[in-house]
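Asks: Pasting in a structure now, in structure tokens, and then I'll have a few things to ask.
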Amino acid sequence: MFHQRARTFLLFLMLSLILVTIISEPVRAPAGETYSLSASPSRIQEGSTTALSLAVTNASLFTNYNFAWKVADSSGASNTLSKTTNSGFSANFVQTVNYPQDFSAGNAKYVGTYTVRVNETTPANKPNVAITSFQVGLTDANTYQRTSRTSIQASSYLSGERITLNIAQASTSIPGFPAQGAADPTGLFTYTWQSAPSTSTGSYTISLQGMTTAKTPPDTETIILFPANITVPQAALIRTSIPRSGTEELRIVANYQSGVPVQSGILPVTFVEADSTTSHAVNAIYNSTLNLFLATYRIPLSGQTGSWAVRIDPYTFNDGYGNGGPSQGTTIAFTVQQAVLAVSVSLVNKTYASGDVFPIYATVLSPDGTPFGAGTVTATIELSSTGETIGSPISLSYVQGQGRWVGSNLLNSTDKAGIWIVDIKASDSYGNSGEGSGALLVNIGPAPGSSQYVTLFYFILAAVLLGAGATGGLLFMRFNKMDAPFSELSKLMGGEFQQPTTLMIRGESGSGTTMIGLQLIYQQLMQGKHCAILTYNSFPSEIQKKMEGLGWNISQYVQDGHLKFLDCYSALVGEQAQIRDPVDFTEVSIQVSLMMSSAQEPVTVLLDSFTPIFNSAQTRHGINFLRVLGAKIKNDGGFFILTGTRGSLPDSIESNLESIVDGIIDLKLVRKGKSMIRTLAVRKVAGRQIAFAETEFKITKGKGVMFVEPRFHVGLPAITRTLDYAIRQARLSLKTLEKELERRWRTEPDPEQTPEPDGELH
């Protein structure tokens, strides 16, 4: 019993010793450890952080691993860190440190390459088990595309220290640089530079220089700028189903890779017909009103019906600066249908006699409203009461000068009177068709007889009387005209101009918009007020000659400073002038402000004209410029006048212009006989009710603008009503006479056919 207990105790002791031995000795993988070191991100900006990770594989279980980290920056200085990790139950583990936060004296304040070395100190002493490096720079990348934002960041400057930033290409600073900035309270300096679509590509050197802090190596870095990739995030058709002759519209949103919208260049697009072979190439052009690219194509009447497609091919977009794209094409399907032609019938309402020509007119339009002039147009006539067809189908011919189809039918004695229905069908060889109809009450009278000469006699008599009256009226109207001074404009405006105010004068080319504006300026000068003229349409010397040619002595006003010119026209035609860029609205506004401040009183400003502004600048910039300039002049108590050509701008732009002015004067050129006359109409005056009436005016040498008014007011409306009544009564009398003569012709023998006693016919 004793021996058995002794053996059990000895066995337990031996097992315990074996277990202790096993636990105290590390369990190693047979192949030994391997190490891998990485930095994420591998490139950082000054003052930023990167994570350094050491991956260990085939590690011993339940073993403490101690590693000594050493980071050498680009200046040659080193920073160290010691860190221990227990492997635990896994043979693989990762030890991570953050640079520079985890290093007591660590920093990332120098541009360049930072080298990382790791030594194992426990459980074995192994030098340089892993080596890697990372980059520290001023920018967040080495390469950029045009329009991308370049982030610039530098650290370790003094709080509030003034710093000079320069960006140069081939040792030449780009526009806007060098620039000045300041470090924040932590010593960090940040700046964002965004290139334009037209910025030159290639290498750029970015450098920073502090007023106090000097770095070695210096804060200098080189980046490379490449052309931008253009993307098409959105392309849509206005209509998914369209008839022939309709205009399909493709709207395209194009952006650079940075998200900045593309606003220049062309994008070729292809419209492919239903056979997938026939194609039509058009260019999408930027529309500044819609802020997108627009491609339009009118489907011809001969176009195939069925499923069409519009296609944008890859790498066909060029913005004019060498930027291109898109990298992927786009295809959008739509359906083309046959055109339904609109047919309108026009018939002549009169009393027809046997042998008369019954004319038929038809206007045929395609769905888009354009005249249909090639095809077949046929008319058939039916009697409404019985449905009986009258005559044969009539082929109509297209008359180019009238823009309509014309045909006719010769009436005979067998044609029946009543309501005639004229049906017209139009078609072409491509299957497009349409029809329309018209109705007319046709009374077929007798063939022309002896009453014709009586009717003709009275017609000639009436014409002579009316002609004589018209001649007398014309002589009276010519004698009844007189000239009135320009001051009559105040009556048309409902009173004098109350400053501050803004006025727009617009009209057709040659209608006198500039002269009306100059007349207002001269009127203000004669009242002792200061004036300025912004010339966008002619040289200041030409304007001065115009004013002097009207007999106005304005030299004195120019000499004493009451009249000043701001020449914006010279730059438009490539001449040297005070204003280098006429659509640099900031500079123009500054010059106008200087004129206003030097006058020391409210100024009247004439801008002649706004039309060239919208031909040279984007619409929204032009509208904003005129709005701000008008507000500035009004705020100073002045009078802002702008002139322009009506119809030269889209309706939407003219509506915007109307909304920013207090008054509008419209001018016209009207043909009167063999000559042209000018008319003026006041369309709008803020706070006043006006009568919209056109008044004739003329421009007279030595006098300027003169209104043409009647010498005598003779109650013309009453005379007109009396003449109207007299003419109506005369017409009724002529009709009564015609009917009486026609009755007699039917019931009495023709005297010319009655035998005389000698048996001869006269």
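Asks: Could you check region 503-533 and list, in sequence order, the residues that are within 26 Å of the chain's Cα centre (by Cα) and either surrounded by fewer than 18 Cβ atoms within 10 Å (Cβ to Cβ) or under 13 Å from Thr604 (Cβ atoms) (or both)? I'd like the intermediate steps shown before the answer.
Replies: Here is the first cut: in region 503-533, the ones within 26 Å of the chain's Cα centre (by Cα) are 503-509.
Result: Leu503, Glu508, Ser509.
Asks: Please work out if Thr386 is modelled with pLDDT under 90, of a type in the set (Val, Ile, Thr) and assigned by TED's automatic domain parsing to the domain that holds Gly431. Steps first, please.
Replies: Working: modelled with pLDDT under 90: yes; of a type in the set (Val, Ile, Thr): yes; assigned by TED's automatic domain parsing to the domain that holds Gly431: yes.
So Thr386 fits the description; yes.
Asks: Quick check on my filter: what residues within region 389-419 are among the polar types (S, T, N, Q) and in contact with a Gly (Cβ under 9 Å, 6 or more places away or on another chain)?
Replies: Hits for region 389-419 are Ser395, Ser397, Gln400, Asn409, Asn412, Ser413.
Asks: Among the strands (runs of 3 or more DSSP E) contained in region 295-367, which hold 3 or more residues that are out of contact with any helix residue (DSSP H, G or I) (no Cβ under 6 Å at 6 or more places or on another chain) and of a type in the set (S, T, N, Q)?
Replies: Details: elements: 306-312, 330-337, 342-347, 357-365.
Correct list: 330-337.
Asks: What number of residues within region 516-550 satisfy the criterion of being assigned to a helix (DSSP H, G or I) and either of a type in the set (Lys, Arg) or not assigned by TED's automatic domain parsing to the domain that holds Phe565 (or both)?
Replies: Initial filter on region 516-550 (assigned to a helix (DSSP H, G or I)): 516-526, 540-549.
This time we only want the ones that are either of a type in the set (Lys, Arg) or not assigned by TED's automatic domain parsing to the domain that holds Phe565 (or both), so: 545-546.
The total comes to 2.
Asks: Of the residues that make up region 108-121, is at least one assigned to a loop (DSSP other than H, G, I, E, B), surrounded by fewer than 17 Cβ atoms within 10 Å (Cβ to Cβ), touching a strand residue (DSSP E or B) at 6+ places or on another chain (Cβ under 9 Å) and of a type in the set (Gly, Ala, Ser)? I'd like the intermediate steps shown before the answer.
Replies: Narrowing region 108-121 to residues assigned to a loop (DSSP other than H, G, I, E, B): 108-111.
Then drop every residue that is not surrounded by fewer than 17 Cβ atoms within 10 Å (Cβ to Cβ), which leaves none.
No, region 108-121 contains no residue that is assigned to a loop (DSSP other than H, G, I, E, B), surrounded by fewer than 17 Cβ atoms within 10 Å (Cβ to Cβ), touching a strand residue (DSSP E or B) at 6+ places or on another chain (Cβ under 9 Å) and of a type in the set (Gly, Ala, Ser).
Asks: Here's something else I'd like to know. Check region 123-136 and report whether any residue there is assigned to a strand (DSSP E or B), touching a strand residue (DSSP E or B) at 6+ places or on another chain (Cβ under 8 Å) and aromatic (Phe, Trp, Tyr). Walk me through it before giving the result.
Replies: First, pick out the residues of region 123-136 that are assigned to a strand (DSSP E or B): 126-136.
Those left that are additionally touching a strand residue (DSSP E or B) at 6+ places or on another chain (Cβ under 8 Å): 126-136.
Applying the additional criterion that residues be aromatic (Phe, Trp, Tyr) yields 134.
Within region 123-136, one or more residues are assigned to a strand (DSSP E or B), touching a strand residue (DSSP E or B) at 6+ places or on another chain (Cβ under 8 Å) and aromatic (Phe, Trp, Tyr).
Asks: Scan region 393-401 and tell me whether some residue there is touching a strand residue (DSSP E or B) at 6+ places or on another chain (Cβ under 6 Å), surrounded by fewer than 17 Cβ atoms within 10 Å (Cβ to Cβ), within 30 Å of Glu248 (Cα to Cα) and touching a residue at least 24 places away in the same chain (Cβ under 8 Å).
Replies: No, there is no match, as no residue in region 393-401 is touching a strand residue (DSSP E or B) at 6+ places or on another chain (Cβ under 6 Å), surrounded by fewer than 17 Cβ atoms within 10 Å (Cβ to Cβ), within 30 Å of Glu248 (Cα to Cα) and touching a residue at least 24 places away in the same chain (Cβ under 8 Å).
Asks: When you check Val118 against the structure, is it over 27 Å from Phe226 (Cα atoms) and modelled with pLDDT of 95 or more, yes or no? Step through it out loud before you land on a result.
Replies: Working: over 27 Å from Phe226 (Cα atoms): yes; modelled with pLDDT of 95 or more: yes.
Judged against the criteria, Val118 is a match.
Asks: Mind listing whichever residues of region 279-308 are more than 21 Å from the chain's Cα centre (by Cα) and surrounded by fewer than 20 Cβ atoms within 10 Å (Cβ to Cβ)? So that I can check it myself, show each step before the final result.
Replies: Residues of region 279-308 more than 21 Å from the chain's Cα centre (by Cα): 279-281, 299-308.
Ser279, His280, Ala281, Pro300, Ser302, Gln304, Thr305, Gly306, Ser307 - these are the residues of region 279-308 that are more than 21 Å from the chain's Cα centre (by Cα) and surrounded by fewer than 20 Cβ atoms within 10 Å (Cβ to Cβ).
Asks: Output yes when any residue across region 166-182 is of a type in the set (A, V, I, L, M, F, W, C) and at positive phi, and no when none is. Even if it seems obvious, please write down each step before you answer.
Replies: Let us first name the residues in region 166-182 that are of a type in the set (A, V, I, L, M, F, W, C), namely 167-168, 170, 174, 177, 179, 182.
From what's left, at positive phi: 170.
Checked against the condition, which is being of a type in the set (A, V, I, L, M, F, W, C) and at positive phi, region 166-182 yields at least one hit.
Asks: Hey, another quick one. Do you know which residues across region 137-147 are part of a loop (DSSP other than H, G, I, E, B) and not hydroxyl-bearing (Ser, Thr, Tyr)?
Replies: If we filter region 137-147 for residues that are part of a loop (DSSP other than H, G, I, E, B), which is where we start, we get 138, 140-142, 146-147.
Across region 137-147, the qualifying residues are Leu138, Asp140, Ala141, Asn142, Arg146.
Asks: Next question. Check Gly265, Gly181 and return the single one that is surrounded by fewer than 17 Cβ atoms within 10 Å (Cβ to Cβ), closer than 24 Å to Tyr144 by Cα and either touching a Pro at 6+ places or on another chain (Cβ under 6 Å) or not assigned by TED's automatic domain parsing to the domain that holds Gly369 (or both). Please lay out each step first, then the result.
Replies: Numbers: Gly265 fails: surrounded by fewer than 17 Cβ atoms within 10 Å (Cβ to Cβ).
Being surrounded by fewer than 17 Cβ atoms within 10 Å (Cβ to Cβ), closer than 24 Å to Tyr144 by Cα and either touching a Pro at 6+ places or on another chain (Cβ under 6 Å) or not assigned by TED's automatic domain parsing to the domain that holds Gly369 (or both) holds for just one of Gly265, Gly181, which is Gly181.
Asks: To continue, here is another question. Filter region 206-251 for residues that are among the small types (Gly, Ala, Ser) and assigned to a loop (DSSP other than H, G, I, E, B); which is surrounded by the most Cβ atoms within 10 Å (Cβ to Cβ)? Lay out the reasoning, then the answer.
Replies: Filtering region 206-251 for residues among the small types (Gly, Ala, Ser) gives 207, 210, 214, 228, 235-236, 241, 245-246.
Narrowing further to those that are assigned to a loop (DSSP other than H, G, I, E, B): 214, 228, 245-246.
Values: Ala214: 7, Ala228: 27, Ser245: 21, Gly246: 19.
Selected residue: Ala228.
Asks: If the requirement is being exposed (fewer than 15 other Cβ atoms within 10 Å of the Cβ), assigned to a strand (DSSP E or B) and outside the structural domain of Tyr256 (by TED's automatic domain parsing), which of these qualifies: Thr186, Thr150, Thr164?
Replies: Working: Thr186 fails: assigned to a strand (DSSP E or B); Thr150 fails: exposed (fewer than 15 other Cβ atoms within 10 Å of the Cβ).
After ruling out the rest, the residue left standing is Thr164.
Yes or no, residue by residue, for (1) over 23 Å from Ser203 (Cβ atoms); (2) in contact (Cβ under 8 Å) with a residue 12 or more places away in the chain; (3) not aliphatic (A, V, I, L, M):
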site	(1), (2), (3)
Gly112	no, yes, yes
Pro123	yes, yes, yes
Val129	yes, yes, no
Ser155	yes, yes, yes
Ser159	yes, yes, yes
Thr172	no, no, yes
Phe177	no, yes, yes
Asp184	yes, yes, yes
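Asks: Given the condition free of Cβ contacts under 8 Å to residues at least 24 places away in the same chain, more than 30 Å from Phe372 (Cβ to Cβ) and surrounded by fewer than 19 Cβ atoms within 10 Å (Cβ to Cβ), answer yes or no: does some residue in region 309-326 qualify?
Replies: First, pick out the residues of region 309-326 that are free of Cβ contacts under 8 Å to residues at least 24 places away in the same chain: 314-315.
Then drop every residue that is not more than 30 Å from Phe372 (Cβ to Cβ), which leaves 314-315.
This time we only want the ones that are surrounded by fewer than 19 Cβ atoms within 10 Å (Cβ to Cβ), so: 314-315.
Checking region 309-326: at least one residue is free of Cβ contacts under 8 Å to residues at least 24 places away in the same chain, more than 30 Å from Phe372 (Cβ to Cβ) and surrounded by fewer than 19 Cβ atoms within 10 Å (Cβ to Cβ).
Asks: Let me spell it out: the conditions are (1) closer than 25 Å to Ser75 by Cβ; (2) touching a Gly at 6+ places or on another chain (Cβ under 9 Å); (3) surrounded by fewer than 14 Cβ atoms within 10 Å (Cβ to Cβ); (4) of a type outside the set (Val, Ile, Thr), and Ser203 meets all of them except one. Which number is the exception?
Replies: That leaves (2) as the condition not met.
Asks: I've got another one for you. Residue under question is Leu680, and the condition is that it be among the hydrophobic types (A, V, I, L, M, F, W, C), touching a residue at least 60 places away in the same chain (Cβ under 8 Å), assigned to a strand (DSSP E or B) and more than 25 Å from Gly495 (Cα to Cα); does it hold? Break it down into steps so the answer makes sense when it comes.
Replies: Values: among the hydrophobic types (A, V, I, L, M, F, W, C): yes; touching a residue at least 60 places away in the same chain (Cβ under 8 Å): yes; assigned to a strand (DSSP E or B): yes; more than 25 Å from Gly495 (Cα to Cα): no.
No; evaluated as a whole, the condition is false for this residue.
The values are calculated or read from the model by the stated rules, or taken from the named source; none is laboratory data. Given the structure is predicted, the values throughout are model-derived calculations rather than measurements. Heads up, the Cβs are rebuilt from the backbone with ideal geometry, glycines too, and the neighbour counts pull from every protein chain shown.
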